[in-house]
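A.B. asks: Below is one structure. I have some questions about it.
The values are calculated or read from the model by the stated rules, or taken from the named source; none is laboratory data. None of these values were measured; they are calculated from a predicted model. Glycine gets a Cβ as well: all are built from the backbone with ideal geometry, and neighbour counts include every protein chain shown.
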Amino acid sequence: MMFSKRTNWSLEPNELTQVYRTRRKQGLPLLDLTESNPTQCGFPYDINRILNALSNSQALVYEPDPRGLLSARRSVAEYYAERGVRLDPDQIFLTASTSEAYSFIFRLLADAGDHLLAPRPSYPLFDFLTRLNDLELMDYPLVYDRHWQIDRTALLSRITPRTRAILIVHPNNPTGSFVSPEEADFLINCCQEHSLALVADEVFSDYVHQPTGSSPPRSFAEETRTLTFTLSGLSKISALPQLKCAWVVINGPDTIRRQALDRLEIIADTFLSLSAPIACALPQLLDTRHQMQPQILRRINANRDYLDSQISSSSQVRRLETQGGWYAILRVPSICSDEEWALRLIKEDGVLIHPGHFYDFPSEGYLVLSLLPLPEIFEEGTRKLIARIEHDAG
């Protein structure tokens, strides 16, 4: 066998993917309710400002810094300062993506075969990243009872001598649930008691749903009680996924924080991944969030409100409560698998949705929708989706 076991994935597309590709190839109508790429959702960008930011002549000078260009890190520190978090730019490392930041952190914290705890359900990224870093992923459940919450007993039961970190997504993708202050204290206590690090993914944290309000909950970037790594980036904050810029903030007790910074610097120096043009442009690109985020929040709120207006009190469909992020979760009758619901919708109605198993929901009866599509697509798609479920489950 020429290839490593860590890449021994099944490469055959599933039936839903095959049907989707065939439909696109044949030019058949498609209402994509999975679209979460903001550059494909009709939002107007300040094109001139973005392109001007990328034409900075300073980008022609190569001055490598393992942490990233200082002016860029200062702009990230200013972003957190707006949220009431005071950081030294030296606590910040710039990377090309949050995936790369995760890999740096995993290399820093864990040896081959060690364990990481991650929430379930969640975006399937962790499965790939842990496997590529020769680590084992252990899940801890999020349970729903009027709102999503961490199953604390289950999390504690999964900690072993080989556990190195607890991963949280704040808010979670796709459940849209923020870690509550009480849950945060519980997680910090776990990390202190078992000598674990806390890794917090906050890429969606600026997108808070009504009626919670417009101010994001507390960022873990200010956490000093245990070693903490907080990730975010331009992809969601400024809706610029194509420009590939993210970061990780390191915080915690002084001694271990300094040790982590020193070791992470060597890892980052080995790759020096972020390009000079993006680093030079980061202050202006980050500032475009003030134009983009209000648009996205209006779209999210409007689409969610429309979805709710289509679900009657007697409906077979129920939307689960979310606090933030770009997604909605529907609870649907389990007369068939989530995969079968998805296949029925795309074959019969031309509506594409994600079945719950894509996000590792523990049981059938969950469908996941993006709230970013254009209103005309979202409204027609959700009408057809609800009509299909009511008809087939009735």
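A.B. asks: Counting just the residues of segment 16-36 that are in contact (Cβ under 8 Å) with a residue 24 or more places away in the chain and surrounded by fewer than 12 Cβ atoms within 10 Å (Cβ to Cβ), which one comes out farthest from L374 (Cα to Cα)?
C.D. replies: Residues of segment 16-36 that are in contact (Cβ under 8 Å) with a residue 24 or more places away in the chain, as a first pass: 16, 19-20, 23, 28-36.
Of the ones still in play, those that are also surrounded by fewer than 12 Cβ atoms within 10 Å (Cβ to Cβ) are 28-29.
Working: L28: 19, P29: 15 Å.
Residue satisfying both the conditions and the ranking: L28.
A.B. asks: Looking at segment 61-85 only, could you name the residues that are part of a helix (DSSP H, G or I), more than 24 Å from the chain's Cα centre (by Cα) and free of Cβ contacts under 8 Å to residues at least 24 places away in the same chain?
C.D. replies: Taking segment 61-85 as the starting set, the residues that turn out to be part of a helix (DSSP H, G or I) are 70-81.
Next, only the ones that are more than 24 Å from the chain's Cα centre (by Cα) stay: 70-71.
Matches in segment 61-85: L70 only.
A.B. asks: If a residue has to be among the hydroxyl-bearing types (S, T, Y) and either closer than 25 Å to V368 by Cβ or in contact with a Gly (Cβ under 9 Å, 6 or more places away or on another chain) (or both) to count, how many in segment 111-165 make the cut?
C.D. replies: Let us first name the residues in segment 111-165 that are among the hydroxyl-bearing types (S, T, Y), namely 122-123, 130, 140, 144, 153, 157, 160, 163.
Now restrict to residues that are either closer than 25 Å to V368 by Cβ or in contact with a Gly (Cβ under 9 Å, 6 or more places away or on another chain) (or both): 122-123, 130, 140, 144.
Residues that pass the stated criteria total 5.
A.B. asks: Any residue that is over 16 Å from the mean Cα position of the chain (by Cα) and among the small types (G, A, S) - is there at least one of those in segment 97-104? Spell out how you get there, then give the answer.
C.D. replies: The initial filter retains those residues of segment 97-104 that are over 16 Å from the mean Cα position of the chain (by Cα), namely 104.
Narrowing further to those that are among the small types (G, A, S): none.
No, segment 97-104 contains no residue that is over 16 Å from the mean Cα position of the chain (by Cα) and among the small types (G, A, S).
A.B. asks: Take segment 108-130 and flag every residue that is surrounded by fewer than 17 Cβ atoms within 10 Å (Cβ to Cβ) and either without any contact (Cβ under 8 Å) to a residue 60 or more places away in the chain or in a helix (DSSP H, G or I) (or both).
C.D. replies: Within segment 108-130, the first condition is being surrounded by fewer than 17 Cβ atoms within 10 Å (Cβ to Cβ), and the residues that meet it are 111-113, 124-125, 127-128.
Scanning segment 108-130 gives D111, A112, G113, L125, D127, F128.
A.B. asks: Anything in segment 135-146 that is in a loop (DSSP other than H, G, I, E, B) and either among the polar types (S, T, N, Q) or crowded, with 16+ Cβ neighbours inside 10 Å (or both)? List them, or say none. Quick ask: steps written out before the conclusion?
C.D. replies: First, pick out the residues of segment 135-146 that are in a loop (DSSP other than H, G, I, E, B): 135, 145-146.
Passing the criteria: only L135.
A.B. asks: Would you pick out the residues in segment 173-207 that are of a type in the set (A, V, I, L, M) and out of contact with any Lys or Arg (no Cβ under 6 Å at 6 or more places or on another chain)?
C.D. replies: Initial filter on segment 173-207 (of a type in the set (A, V, I, L, M)): 179, 184, 187-188, 196-200, 203.
Within segment 173-207, V179, A184, L187, L196, A197, L198, V199, A200 qualify.
A.B. asks: I'd like the full set of residues that are closer than 18 Å to D360 by Cβ, more than 18 Å from the chain's Cα centre (by Cα) and among the acidic types (D, E), limited to segment 130-156.
C.D. replies: Correct list: E136, D151.
A.B. asks: Quick check on segment 86-107: of everything there that is touching a Phe, Trp or Tyr at 6+ places or on another chain (Cβ under 6 Å) and either among the charged types (D, E, K, R) or not in a helix (DSSP H, G or I) (or both), which residue is farthest from P66 (Cα to Cα)?
C.D. replies: Of the residues in segment 86-107, the ones touching a Phe, Trp or Tyr at 6+ places or on another chain (Cβ under 6 Å) are 87, 92, 94, 105.
If we keep only those that are either among the charged types (D, E, K, R) or not in a helix (DSSP H, G or I) (or both) too, we end up with 87, 92, 94.
Numbers: L87: 18, I92: 10, L94: 8 Å.
Looking at residues that are touching a Phe, Trp or Tyr at 6+ places or on another chain (Cβ under 6 Å) and either among the charged types (D, E, K, R) or not in a helix (DSSP H, G or I) (or both), I get L87.
A.B. asks: May I pose another question? Of the residues E376, E364, E348, which is in the same structural domain as S313 (by TED's automatic domain parsing), surrounded by fewer than 22 Cβ atoms within 10 Å (Cβ to Cβ), in contact with an Asp or Glu (Cβ under 6 Å, 6 or more places away or on another chain) and more than 18 Å from S312 (Cβ to Cβ)? Let's see the steps before the verdict.
C.D. replies: Numbers: E376 fails: in contact with an Asp or Glu (Cβ under 6 Å, 6 or more places away or on another chain); E348 fails: in contact with an Asp or Glu (Cβ under 6 Å, 6 or more places away or on another chain).
Criteria check complete, one pass: E364.
A.B. asks: Another question, if that's okay. If you check every pair at least six apart or on different chains, which have Cβ atoms under 6 Å apart with a residue in segment 245-269 that is under 15 Å from R225 (Cα atoms) and in the same structural domain as R74 (by TED's automatic domain parsing) first and a residue that is in a helix (DSSP H, G or I) and of a type in the set (A, V, I, L, M, F, W, C) second?
C.D. replies: Qualifying pairs under 6 Å: V249/A221; I250/A260; I250/L261.
A.B. asks: Which of the residues spanning segment 176-190 are more than 17 Å from A221 (Cα to Cα), buried (at least 24 other Cβ atoms within 10 Å of the Cβ) and of a type outside the set (S, T, N, Q)?
C.D. replies: G176
A.B. asks: Residues D185, D206, D151: which one is of a type outside the set (A, V, I, L, M, F, W, C), in the same structural domain as D88 (by TED's automatic domain parsing) and in contact (Cβ under 8 Å) with a residue 12 or more places away in the chain? Before the answer, list the steps.
C.D. replies: Numbers: D185 fails: in contact (Cβ under 8 Å) with a residue 12 or more places away in the chain; D151 fails: in contact (Cβ under 8 Å) with a residue 12 or more places away in the chain.
Testing whether each residue is of a type outside the set (A, V, I, L, M, F, W, C), in the same structural domain as D88 (by TED's automatic domain parsing) and in contact (Cβ under 8 Å) with a residue 12 or more places away in the chain leaves just D206.
A.B. asks: Which pairs have Cβ atoms under 8 Å, sit 6 or more apart or on different chains, and link a residue in segment 161-182 that is outside any loop (DSSP other than H, G, I, E, B) to one that is buried (at least 24 other Cβ atoms within 10 Å of the Cβ) and hydroxyl-bearing (S, T, Y)?
C.D. replies: none
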